[in-house]
Amino acid sequence: MFGYYLDLALRSLRRNKVLTTLMVMALALGIGATITTLTVLRLLSGDPLPQKSAQLFYPQVDPYPADQPFSRSGKRLPFAMSYVDVMNLLHARKAKRQVAVALSQVKVTPDAQAGKPFYADGVMATADFFPMFDVPFRYGAGWTAAEDDGRAQVAVIAGYLNDRLFGGANSVGRMIHIEGHDFRIIGVLKHWAPQPRFYALHLGGHNYGKGEGVYLPLLAARADGIAPSMMMSYAPGSSLQHLETSPAIWLGMWVELPDASAVSAYRLFLANYARQQVALGRFQKSRTAMPSLMEWLRSEHVVPDDARLQAGLAFGFLLICVVNTVGLLLAKCLRRAREIGVRRVLGASRGAIFAQFMVEAAIVGLAGGVLGLVFAVLGLWGIRHQPAQYASLAHLDFPMFLFTFVVALAASLVAGLLPAWRACAVAPAPQLKAS
Amino acid sequence: MQIRPILASLRKHRIPATLIVLEIALACAVLCNAVFMIGQRLADIHWPNAIDEQGISVVTVNGTDAKLAASDIPRDLAALRGIAGVTAVAAATSMPLDQNPALSSFTTTPDGNTTVNTSVYFIGSGGEQALGLRLLEGRFFNADEYADSGFKDFASTGHVMLITQSDARRLWPGQSALGKTLYTNEQAWTVVGVVADVLAQDPKMSGPGGRYSSAFFPLRPDGAMGDYVLRSAPQDRVRVLREALQVLGRLESDGVVQGATYAGMRDAYFADTRSMAWMLLLVCMVMLAVTAFGIVGLTSFWVGQRRRQIGIRRAVGATRGHILQYFQTENFLLGTAGVALGMVLAFGINLYLMQRYEMARMPWYYLPVSAVALWVLGQLAVLGPALRASNVPPVVATRSV
C-alpha cells in the first residue's frame with residue numbers, strides 16, 4: 001500500500017512542479033534557518049566538561065560593604081574572590097580538590113631568531129587545575145602542590161603554542177621567556193579548549209575561544225609581578241603591586257566534590273567561614289553561594305542574547321514556513337477533489353486517503369529536509385565567517401544532522417494534517433455528479 | 001465596490017482565508033520585531049562620539065619596562081611628531097571602544113553612592129588636541145597639571161578632571177559643573193572643564209547610563225600609558241599609522257607594537273552588531289518572499305476554484321476591472337485582518353523580549369509602517385492570480401466545468 005501511495009504522491013508532486021518547488025523551498029528555508037541557529041545555540045550552551053561538571057562547584061562569598069554592594073540590586077554575590085579568602089579556603093582543604101584561577105595576558109619572548117615578542121592568553125592557577133579539569137597532556141605533566149608553595153618557575157603550554165615556538169617537538173625541559181622571566185616547561189597540552197571557557201568567566205577575556213596558551217603557578221607568577229586581567233576593588237586602598245593584601249577581588253575558585261554529602265558538608269563549611277569572617281570584622285555580610293558548574297553558567301547568562309534571539313527568530317520563521325506549506329498543500333489537495341472522489345467510489349477508505357496525503361506531505365518534508373540541510377551548511381559557513389568570538393565553532397554535527405530530518409518530517413507532517421483531513425472529508429458523490 | 005459579497009464568499013472558504021490571515025499575522029509580528037531590532041542595532045553602530053574619529057590612529061605598545069616610561073614616552077612622542085602629516089600626538093591609557101574598560105564610580109559627595117560606572121581616561125600632555133576633544137565649558141589642563149599628576153592605585157594623584165556633558169547634566173542638573181568636586185574612594189578632584197560626549201571604553205557593557213559617562217585626568221609620562229594617539233588629516237591616516245608602526249617598532253624593540261586607525265577600531269567594535277543586523281535583514285527579506293509566495297499559491301488555487309463563479313459574473317456584465325478589483329479588495333480585507341492580529345502578536349513578542357532581554361519598547365510607528373508594507377506585499381502577490389482571474393472569459397459560465 002505504501003508503495004502505491006508513494007507512487008501517487010510522486011505523480012501528484014510532479015504534476016504541479018511550481019507549487020511543489022514553492023513548498024519544498026519554503027520548508028527548506030525555515031528548516032535551514034532553524035538548524036543553523038540551533039546548532040550555534042547548542043554549541044554555546046553545551047556542557048564544557050560533561051564527564052566532570054556535576055562534581056565541580058564555584059564557591060562565592062561577599063566581602064563588599066553593606067552600603068556599597070557588589071550589584072545594584074544587592075542580590076548578586078561577587079563573581080570572584082579576594083586573595084585572602086581564596087587562600088583561607090584553599091588551605092582548609094575541605095574539598096577533594098580545590099583550585100584558584102586568575103587570567104592574565106602575558107608577553108612571550110621567543111628566541112632571537114624565532115620572531116618578535118607577542119602576547120598570549122595565560123592562566124595563573126594552583127596545582128589541582130590539571131587533574132580537576134581533566135586537562136589532557138601531550139608531553140609531561142602539570143606541577144605539584146609542593147611546586148606551588150615553592151614558587152617553582154615552571155610552565156605548561158598549549159599545543160598550539162608549542163607548535164609555534166618549538167615546531168611541535170617535545171619541549172619539556174626547555175625554557176620559555178614570559179614577562180621577562182624564564183620558566184621551565186614541564187608540560188605540553190593536547191588540544192584543550194572547553195566551550196564556554198567556564199573557569200574564566202568574568203576573570204577577563206572571552207567566554208569562548210581557542211583556549212589559553214600558557215599556564216603558570218599562581219604564586220610564582222605573582223612573585224614575578226604578573227598581573228591578573230581583571231581586578232575589582234571593594235574598598236579604598238587597592239593596588240596592583242600589593243594585590244595579595246588589597247581589598248580587591250580577582251580570583252576564581254573551584255572545588256571538586258564527588259557526592260551529595262561532600263557538597264552539603266562544603267556548603268556548611270563555606271557558611272561557617274563567612275560567619276567567622278563577619279565575626280572577625282572582615283565581612284559585613286555572611287551570604288554565600290556555591291553553584292555547580294552548569295548552574296554557574298546559566299546564572300551568569302553566558303550564552304549571548306544575540307544567539308537566543310536568532311534562534312527565536314528562526315522558530316518564528318519556521319512557523320511562517322509551516323503555515324505557508326499548509327496553505328499550499330491545502331490548495332493542491334482541494335484541487336484534486338475529483339481524483340479523491342473517484343478513489344473513494346472505487347473503494348478507498350477515508351484512512352487510505354488520509355495516509356496517501358500524509359505520505360505526500362512526508363515526501364515534501366524529506367525534500368525540504370535535504371535542501372534545508374544544504375541551507376544549514378551554507379548558514380553555518382556564513383556564521384563561521386562572522387566576527388563573533390564563537391563563530392569558528394559553528395559546525396554541523398551528527399545529532400544535528402539527524403535532527404534536521406526530524407524537524408523536517410515533523411514540520412511537514414504537521415503541515416499535512418489539515419489538508420489530509422480535508423481531503424478525506426471530501427464526499428465522493430458530488431464530485432462524480434459534477435463530471 | 002461591494003464588500004458584502006466578498007465577505008460572504010470568504011465565509012464559505014474559511015480555511016484558506018484563515019491561513020492567509022494567519023500567514024500575514026505571523027509575518028507582521030516577526031517583521032515588526034525584526035525591523036525594530038535592526039533599527040536598534042543601526043542606532044548602536046551610529047552612536048556619536050565627540051573625538052576626531054576620522055583623523056585619529058592609535059598605536060598600542062605593550063610589554064615595555066614601566067620603569068623607563070618617563071624617558072621612553074617623551075622620546076617616542078618626539079619621534080612620532082616627526083612623521084609628516086601628524087598634527088598632534090599624545091600618550092593615553094585607553095581609548096573609547098577599546099574594550100579594555102577601566103571603570104570607576106564618581107559621586108558628588110565623599111560618601112555618596114552611584115550605580116553608574118564611568119570610563120576613566122588618563123591622557124598625556126596634548127591629549128585634548130590629539131583626541132580632538134570638544135570643550136563646551138571651562139578649560140583644558142595646563143602644563144603644571146600635567147607635570148604634577150601621577151597614577152597610583154588606579155587613580156590620579158592630581159587634583160583636576162574633565163567630564164562629559166552627559167555626566168555634568170546627570171551629576172548637577174540645572175547647574176554648571178565647573179569648579180565642583182567629584183569623589184571616589186575618599187579622593188577628590190575638581191572639574192575644570194566639560195567636554196562633548198565621548199563614548200565609554202565598552203559601551204555595550206556599560207549600559208545606557210554609562211555609555212557617555214567618561215572622565216579625563218592629566219598624567220605625566222607613566223608606564224600605565226599604552227596608547228599613542230596620532231592625529232592627522234583623514235587622507236593621511238593610513239600612511240601615518242604605517243610610519244608610526246615602523247618608528248615605534250624600532251624604538252620599542254622589546255614591546256609588542258600594534259596599531260589601527262580609529263575608524264578601524266570602531267568598525268571592529270561594532271562588527272558583530274553589524275553582522276547581526278545583516279542577518280536580521282536577510283531573514284526579513286526571505287520571510288517576506290515566503291509569505292508572498294504563500295499568498296500567490298493560495299490565491300491562484302482559489303481563483304482556479306472560482307473560475308465558474310467569475311465566468312458567471314463576467315457573463316452578467318462585470319468588467320475585467322471589476323474582477324480585478326474584487327480580488328484586490330478581498331486580499332485587502334484579509335491583509336487588514338492579518339495585520340490587526342499581527343500587531344497584537346507583535347506587541348506581545350515585544351513585551352516578552354523587553355522582560356527577557358531588556359529590550360526597549362517598540363515605538364508605535366513600526367506598526368503602521370509594517371502594516372503598509374504587508375498590504376503592499378499582499379496586493380503585489382495577488383496581482384498575478386487576480387489578472388488571471390480577470391482574463392476568464394464569460395463563456396466559462398456556460399460550460400460545465
Could you give log10 I(q)/I(0) at q = 0.12, 0.15, 0.21, 0.26 Å⁻¹ for the range B:91-157, computed by the Debye formula over C-alpha point scatterers of equal weight, without solvent?
-0.39, -0.61, -1.15, -1.33
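Shielding by partners for A:306-313, please: the mean number of other protein chain Cβ atoms within 10 Å of each residue's Cβ.
For this peptide, the per-residue mean of nearby foreign Cβ atoms is 5.
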If you take the square roots of the eigenvalues of the alpha-carbon gyration tensor of the range B:36-178 and sort them as a ≥ b ≥ c, do you get rounded (a/c under 1.5), prolate (a/b over b/c) or oblate?
oblate
Quick one: Cα centre-to-centre distance for the range A:364-435 and the range B:45-119, in angstrom?
53 Å
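When all alpha-carbon pairs of the range A:244-386 are counted, what percent fall beyond 28 Å? Walk me through the numbers before you get to the answer.
Details: 5967 of 10153 pairs.
Here the long-distance tail beyond 28 Å is 59 percent of all Cα pairs in the range A:244-386.
Among A:K116, A:K17, which comes first, second and so on when ranked by fewest other beta-carbon atoms within 10 Å? Don't skip to the answer; put the middle values down first.
Numbers: A:K116 12, A:K17 9.
The fewest-first ordering by Cβ neighbours comes to A:K17, A:K116.
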Expected vector for the range A:22-34, Karplus 3J(HN,Hα) from phi with 6.51, -1.76, 1.60 and θ = phi - 60°, integer Hz, x for Gly and Pro, equals 4, 4, 4, 4, 4, 5, 5, 5, x, 5, x, 5, 5
Can you report the principal axis dimensions of the protein assembly as shown using only the alpha carbons, biggest first, rounded to whole angstrom?
102, 62, 58
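With runs of 4+ DSSP H residues as the only contributors, calculate the mean residue ellipticity of the protein assembly as shown at 222 nm using -39,500 (n - 2.57) per run, divided by the residue total and rounded to the nearest 500.
Taking each H run of at least 4 residues, the total per residue is -16500 deg cm²/dmol.
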Highest first, please rank the peptides A:31-43, B:31-43 by the mean number of other Cβ atoms sitting within 10 Å of their residues.
A:31-43, B:31-43
Using the count of nearby Cβ atoms within 10 Å as a rough guide to exposure, how do B:C28, A:C321, B:C284 rank from fewest to most?
B:C284, B:C28, A:C321
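Order these peptides, A:387-396, A:163-172, by their mean beta-carbon neighbour count within 10 angstrom, highest first. Walk me through the numbers on the way to the answer.
Details: A:387-396: 17.5, A:163-172: 15.6.
Output ranking for A:387-396, A:163-172: A:387-396, A:163-172.
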Expressed as a whole number, the average count of other chain Cβ atoms within 10 Å around the Cβ atoms of A:25-34 is 3
Compute the helix-to-body angle for B:271-305: its Cα long axis versus the longest principal axis of chain B, expressed 0 to 90° and rounded to tens.
0 degrees
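Report the percentage of all Cα-Cα pairs in the range B:330-401 whose separation exceeds 16 Å, rounded to a whole percent.
On the way: 1611 of 2556 pairs.
Tail of the P(r) past 16 Å holds 63 percent of the pairs.
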In order over the range A:91-102: 3J(HN,Hα) from phi, Karplus 6.51/-1.76/1.60, θ = phi - 60°, whole Hz, x for each Gly or Pro, gives 6, 5, 6, 8, 10, 4, 9, 8, 9, 10, 10, 9
Taking the Cβ of B:L97 as the center, what net charge do the other residues with Cβ under 9 Å away carry, scoring Lys and Arg +1 and Asp and Glu -1?
-1
Computed Rg/Rh of the range B:1-51, alpha carbon atoms with Kirkwood Rh
1.42
Karplus 3J(HN,Hα) series, Hz, for the range A:164-174 with 6.51 cos²θ - 1.76 cosθ + 1.60 (x for Gly, Pro)
6, 8, 10, x, x, 6, 5, 9, 4, x, 7
Given the C-alpha centroids of the range A:217-268 and the range B:165-243, what is the distance between them in whole angstrom?
31 Å
Span per principal axis, largest first, for the Cα atoms of the range B:229-367 (Å):
94, 36, 24
Least to most buried among B:E252, A:E339, by other C-beta atoms within 10 Å and fewest first, runs A:E339, B:E252
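By per-residue mean of other Cβ atoms within 10 Å, what is the highest-first order of B:191-200, B:376-385? Don't skip to the end; give the middle numbers.
Working: B:191-200: 22.7, B:376-385: 19.0.
Final packing ranking: B:191-200, B:376-385.
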Expected integer from the mean partner chain Cβ neighbour count at 10 Å over B:288-300 is 6
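Note down, for the range A:153-274, the three equivalent ellipsoid semi-axes (square root of 5 times each alpha carbon gyration tensor eigenvalue), biggest first, whole angstrom.
Numbers: eigenvalues 176, 91, 40 Å².
The three semi-axes for the range A:153-274 are 30, 21, 14 Å.
No value in this document is a laboratory result; all are computed from the given coordinates. Keep in mind that what you see is a predicted model, and the values were worked out from it rather than measured. Neighbour counts are summed over all protein chains in view; Cβ atoms, including those assigned to glycine, are modelled from backbone coordinates with ideal geometry.
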